[in-house]
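Everything on this sheet refers to the single structure shown next.
Just so it is clear, none of the values below were taken in a lab; they were calculated from the coordinates. What you see is a predicted model, and the numbers here were worked out from it, not measured in a lab. Note: ideal-geometry Cβ built from the backbone for every residue, glycine included; neighbour counts use all protein chains shown.
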Amino acid sequence: MTKQELIGLYQTKMNHIQLCYASLILWSHEEMPAFFDKFHNELDDGIKVFPNAMTLIGDKVGMKIASEELYQSSYRSAVKELFQLTKLYCHQTKQLDDLKSQPWFQFWLILRNCWSHHMVFNLNPDEKSKLPLTWSGVTLDESINGKPLTHGVCSYQKLYELIETGQKYVQQDLA
C-alpha cells in the first residue's frame, strides 16, 4: 500500500461517515417515507432490489434504529480499519515506532479494541498499565473496563476528530 492509497482510504471512510450522517438527518424528516415510496414506485422493477423496503421505511422505530446503526457502523469500520491500515503501512515503511509514539496512538488502540469486542472495553494488562490516558479532553481510566462505549465516554465528534488526527499524521508526518 502506498501513502496516497492510505490517504485515499481515510478520505473514503470520512466520506462514509458524512454520508451516513446525512442519511440519518434525511430519514428523520417526516416527509421522507412518502417521498421514498413515490420515487421507489417510479423505478423499473429490475432496479428494485428490495421491493418490500417500504415495510422498514414505514416503521418509525425500526427506521430510527436502522439509521442509527448505519451511522454507528460507519464509525466502527473507520476506527477499526484505519487504525489497522495505518499500523500496517507504518510497519511496512519502518515507521511503526514513530506511530506508537503519537499521543493518540494508545487511545485509538483501546477504542479500536473496544469496537472489536462488541463495544465493551475489555482492557488487557498492557492497556491497563498505560491508564489513565487522556487525549483531546477525553480520559480513559480503569473504571471503563467491562463497560460499554457510550457517548459519555467518547462522542462521535471526538471519534471524528481522532480520525482526522490520524489522517493529518499520515499526510504530514509519514514518508
Only Lys, Arg, Asp and Glu count, each charged at its Cβ (+1, +1, -1, -1), so figure out the dipole size of the chain about its Cα centre, rounded to 20 debye.
540
Distance in nm between pseudo-label sites at HIS91 and SER23 (7 Å out along the Cβ direction from Cα):
3.1
In terms of Cα to Cα distance under 21 Å, which lysines are near enough to LYS48, apart from those fewer than 8 places away along the same chain?
LYS38
Charge dipole (the chain, unit charges on Cβ, about Cα centre) - positive-most of LEU19, ASN41, GLY137
GLY137
Evaluate the distance, in nm, between pseudo-label points positioned 7 Å from the Cα of ASN41 and of GLU5 along their respective Cα→Cβ axes.
4.8
Descending semi-axes in Å of segment 3-173, equivalent ellipsoid built from Cα gyration tensor
36, 20, 13
Under 5 Å between amide hydrogens, which residues at least 5 positions from TRP135 or on another chain qualify, with H placed 1.01 Å from N in the peptide plane?
LEU140
Taking other Cβ within 10 Å of each residue's Cβ, how do TYR160, TYR75 sort, fewest first?
TYR160, TYR75
One finds the C-alpha centres of segment 73-114 and segment 119-143 to be spaced, in Å, by 15
Which of ILE7, ILE163 has the fewest Cβ neighbours within 10 Å, and the rest in rising order:
ILE7, ILE163
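In segment 1-94, what trypsin sites (Lys or Arg not before Pro) fall in a loop by DSSP, with at most 15 other Cβ atoms inside 10 Å? If you can, show how the numbers build up before the last one.
Details: sites: LYS3, LYS13, LYS38, LYS48, LYS60, LYS64, ARG76, LYS80, LYS87, LYS94; in loops: LYS48, LYS94.
Passing both the DSSP loop test and the Cβ count: LYS48, LYS94.
If you rank TRP108, TRP27 by fewest surrounding Cβ atoms within 10 Å, what's the result? Spell out each step's value before the answer.
Working: TRP108 22, TRP27 18.
Taking fewest neighbouring Cβ atoms as first place, the list is TRP27, TRP108.
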Amide H contacts under 5 Å for VAL120, restricted to residues at least 5 apart in sequence or on another chain and with H modeled in the peptide plane, are LEU149
Can you list the DSSP H helices in the chain whose Cα atoms extend at least 30 Å along the helix axis and whose mean Kyte-Doolittle hydropathy is 0.0 or higher?
3-28
